[in-house]
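Have a look at the structure below before the remarks.
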């Protein structure tokens with residue numbers, strides 16, 4: 001797998017992907033965005049998407065959605081003046 005940089009577009013880009021769920025790998029989340037090219041590389045190599053650098057993983061999508069939503073809410077509160 002190639003070295004990873006920051007996802008294109010940077011934080012806050014409306015087209016940025018920050019989470020993904022599959023039956024096999026559960027729910028993965030990275031607040032700064034997932035490196036989209038890495039996801040198929042991992043899958044094609046038979047590796048877990050949870051191996052994505054910097055990603056957090058939950059076993060179920062429901063757990064992941066609840067926890068990532070809480071994290072996003074706390075970050076937005078920190079940005080408020």
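Within the range 33-61, the set of residues being free of Cβ contacts under 8 Å to residues at least 12 places away in the same chain and over 15 Å from residue 17 (Cα atoms) comprises 43, 44, 46, 47, 51.
Any residue at all in the range 28-36 that is surrounded by 14 or more Cβ atoms within 10 Å (Cβ to Cβ), more than 10 Å from the chain's Cα centre (by Cα), modelled with pLDDT under 90 and within 22 Å of residue 74 (Cβ to Cβ)? No, because not a single residue in the range 28-36 is surrounded by 14 or more Cβ atoms within 10 Å (Cβ to Cβ), more than 10 Å from the chain's Cα centre (by Cα), modelled with pLDDT under 90 and within 22 Å of residue 74 (Cβ to Cβ).
Would you point out which residue out of 71, 77, 41 is at pLDDT 90 or above and either in a helix (DSSP H, G or I) or over 13 Å from the mean Cα position of the chain (by Cα) (or both)?
Just a single option satisfies the conditions, and that option is 41.
The values are calculated or read from the model by the stated rules, or taken from the named source; none is laboratory data. This structure is a prediction, so every number in the text was calculated from the model and none was measured. All Cβ positions, even for glycine, are placed from backbone atoms using ideal geometry, and neighbour counts span all protein chains on display.
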